[in-house]
Amino acid sequence: MNPKLKGMIFDKILHHNVTKNIIDNAKYFQFSYDHDTKLFIININYSKIREVESTEKSNNQIFCRQIKKIESQNFTVNRDIFIKEVLENFQCIKPKVNKKPKKILIDFSSPNIAKPFHAGHLRSTIIGNFIANINNFFHNDVVKINYLGDWGTQFGLLQYGLKSKHIDMKNFECENPIKKLYEIYVEANKMSAIDENVQKEARAYFTNIEQGKTSLDNWRRIREITVQELEKVYQRLGIQFDCYQWESEYNGNAIKGLLRLLEDNNVIVKDDQGKKVAKFRDRDVTVLKSDNSTLYLSRDIAALLDRYKKYNFDKMLYVVDNAQTDHFAALFDIVRQINKDCADGCEHIKFGRLKGMSTRSGSVVFLNDVLDEAKHIMQEKQATSKNTRNSAMNEETCDILGTTAVVINDLKQRRQKDYVFDWDKALQSDGDSGIKLQYLHCRLMSLEQNCGVGIPKVCAPEYLTEEVVGDVVAELARFEVVLNRAFLENEACIIVNYLFRLARHVNRMFNELNVKNEHSDLAAQRLLVFHTARYVVKTGLEILGIRPLNEM
């Protein structure tokens, strides 16, 4: 909790009713407004350590042990003091800058070259971006890494497909190059399923490029095309990476020293088939193939150790779906055997799978198609909506609205939960949706610009007597607690569902209280509440990776 708000609770509100120890050990603050008593209620969950006497059975010796227990206590707070402190000090919600910010590396999105950005990459991309944003909000030193798969047997299959179709990458140009390359790869993959020679040739090609026995011109051109296409998607999502890394940086030649280190420390040994394997949970995990070709695991080991050497990170977060749980457990276990500090900073941020995302025609699509579909639906909705401002009806606004709908629909789910995508729910204007949050922000911005009064610097709570104001201020006071929980749990849905709840209270206040055509002092104080709500909505959306609109 912000020290200023914490101090306000202790010094001005709770007085002798609570010890400073309770405030200092508070784990969770919950604020509510009681309509009958017209008092705010603060519920504090705090850690309490108590000593318990125990007797050792062997010699009857009595000793004390400490038990930490979470207890809860409620306190009532004067309405006017609470409203004044919350509204006047709300800009202090920004957390203090740590003397030494933590270095946080986040590996997310990470698609493969020559394959389109499929809708399945959506969750890693937007969850990873949220985690980066909230770490930045708490003043950590964040490095966003996009680790692209540009190495492995699948590239050999693509090369086989290009060769069979007599395609020269130097002259390769078409309207949708990634889609065309993917079609070639899919066709080659189907051929390999019925013709073992195709698979053998693909493996041989990959072995040759890894050992430097063949030209990398095709690979470089394909990689270049892929990055150009990916950047278009990231731009639409409002995401910028600090660093692009490539699996190919950790090919067989590049990691010979690492493999010797693993062998010298008996982390990997050669099995009967000539593969290099590591023991993990009483089973063998292959680190290097018998032909000395690297694997996803061996390249990840090298990449992780290289990142620790380069950045000396406090945390290395991998935002990858639940299906890779065993892979990352093995990765961290192997690295721990040669660098414990490195492995101890690693965490796999898991998430569930997204099902059922397709266009209205029902075909399985790539992410650009999904965002295009969302934009077009929003154009249709905005064209027929009576609330639409003609000046706001443009392609960029509809694109932002469509992207907002898709992103918020995903982030409102619990991170590890699988869910089925539904266009109607994602793009609804009523109910809990990204469109509703954008509309609320626009409505609040319009009020500030057109109400005829300015935002006061001093809160006069005697003008804010209505029950709905108490409900709104109680929600506003919770924002910092919500941000802390979302930060600690890496859970965006905590913020999303909070914003939905705040929106319901603020919309009720819109319906019950006027700002325009009221006495200027009363209007200004009501505007202060609405302005603070807009600041919260704007901050929350930006942390979630959404660009707030001012007009729609």
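Highest first, please rank the peptides 481-487, 463-469, 402-408 by the mean number of other Cβ atoms sitting within 10 Å of their residues. Before the final figure, lay out the partial values.
Details: 481-487: 19.6, 463-469: 17.3, 402-408: 25.9.
The peptides rank, most packed first, as 402-408, 481-487, 463-469.
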Note on the chain, DSSP bridge orientation, antiparallel percent to nearest 5 equals 65
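Efficiency by 1/(1 + (r/R0)^6): what FRET value for Lys103 and Asp80, r their Cβ-Cβ distance, R0 = 25 Å, to the nearest 0.05? Intermediate values should be presented prior to the final figure.
Numbers: r = 44 Å, r/R0 = 1.77.
After rounding, the FRET efficiency stands at 0.05.
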Taking each pair of different alpha-carbon atoms in the range 202-332 once, compute 1/r for the pair, average those values, and report the inverse of that mean as the Kirkwood hydrodynamic radius in Å to one decimal. 16.9
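Once you keep just the Cα pairs under 8 angstrom separated by 6 or more residues, what percentage relative contact order results for the range 470-552? List each step's numbers first, then the result.
Values: 42 pairs, mean separation 24.9, N = 83.
Relative contact order, the range 470-552: 30 percent.
Taking only protein heavy atoms into account and a 1.4 Å probe, give the accessible area per residue of the chain in Å².
Values: 26400 Å² over 552 residues.
For the chain, the per-residue accessible area is 48 Å².
How charged is the neighbourhood of Asp36? Take every other residue with its Cβ under 13 Å from the Cβ of Asp36, and add Lys/Arg as +1 and Asp/Glu as -1. Show your work: numbers first, answer last.
Values: positive: Lys38, Arg79; negative: Asp34, Glu467.
Local net charge: 0.
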Rel. contact order, % - alpha carbon contacts under 8 angstrom, at least six apart, the range 209-322: 18
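So what's the range 451-552 giving for Cα Rg divided by 2.2 N^0.38 Å, two decimals? Before the final figure, lay out the partial values.
On the way: Rg = 14.5 Å, N = 102, 2.2 N^0.38 = 12.8 Å.
After normalising by residue count via 2.2 N^0.38 Å, the value is 1.14.
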Summing Lys, Arg as +1 and Asp, Glu as -1, what charge do residues with Cβ under 10 Å from the Cβ of Phe500 carry, Phe500 excluded? +3
Go through the range 105-118 residue by residue and turn each phi into a ³J(HN,Hα) via Karplus (6.51, -1.76, 1.60, θ = phi - 60°); whole Hz please, and just put x for glycine and proline. 9, 10, 9, 8, 6, 6, x, 9, 6, 6, 10, x, 6, 6
Per-residue HN-Hα couplings for the range 238-246 [Karplus 6.51, -1.76, 1.60; θ = phi - 60°; Hz; x = Gly/Pro]: x, 10, 10, 9, 7, 7, 9, 10, 10
At a 1.4 Å probe radius, carbon and sulfur cover how many percent of the accessible area of the range 417-552? 45
Enumerate the amide H contacts of Ile349 below 5 Å, restricted to partners 5 or more residues apart or on another chain; note that Pro and chain-start residues carry no placed amide H. Tyr318, Val319, Val320
Can you give the alpha-carbon Rg of the range 229-292 over 2.2 N^0.38 Å, where N counts its residues? 1.65
Scoring only Lys, Arg, Asp and Glu (+1, +1, -1, -1) among other residues with Cβ under 14 Å from the Cβ of Phe332 yields -1
Along the positive direction of the dipole of the range 217-327 (beta-carbon charges: Lys, Arg +1; Asp, Glu -1; about the Cα centre), which of Leu262, Val233, Thr294 reaches farthest? Leu262
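Whole number please: convex hull volume per residue of the Cα set in the range 134-201, in Å³? Display every interim value, and only then the final one.
On the way: hull volume 10.3 nm³, N = 68.
For the range 134-201, the hull spanned by Cα atoms encloses 151 Å³ per residue.
At 4 °C and a viscosity of 1.567 mPa s, what translational diffusion coefficient does Stokes-Einstein give for the chain, taking Rh as the Kirkwood radius over Cα pairs? Give it in µm²/s as a whole number. All intermediate terms of the calculation are to be shown ahead of the outcome.
Numbers: Rh = 27.0 Å.
D, rounded to a whole number, is 48 µm²/s.
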Once normalised by the length of the chain, the mean sequence separation of its alpha carbon contacts under 8 Å that are 6 or more apart gives a contact order in percent of 16
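If you build the Cα gyration tensor of the range 201-261 and take the root of 5 times each eigenvalue, what three semi-axes come out, in whole angstrom, biggest first?
On the way: eigenvalues 161, 60, 13 Å².
Gyration-tensor ellipsoid for the range 201-261: 28, 17, 8 Å.
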In degrees from 0 to 90, rounded to the nearest 10, what is the angle of the helix 493-512 Cα long axis to the longest principal axis of the chain? 30
What is the angle, in °, between the Cα long axis of helix 296-311 and the longest principal axis of the Cα atoms in the chain? Nearest 10 is fine, range 0 to 90. 50
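The values are calculated or read from the model by the stated rules, or taken from the named source; none is laboratory data. Remember, predicted model here, so these are calculated numbers, not experimental data. Because the Cβ atoms are built from the backbone with ideal geometry, glycine has one as well, and the counts that use them run over all protein chains shown. Remember, those area values only see protein heavy atoms, side chains included, never the ligands or the DNA or RNA. Shrake-Rupley method; radii C 1.70, N 1.55, O 1.52, S 1.80 Å.
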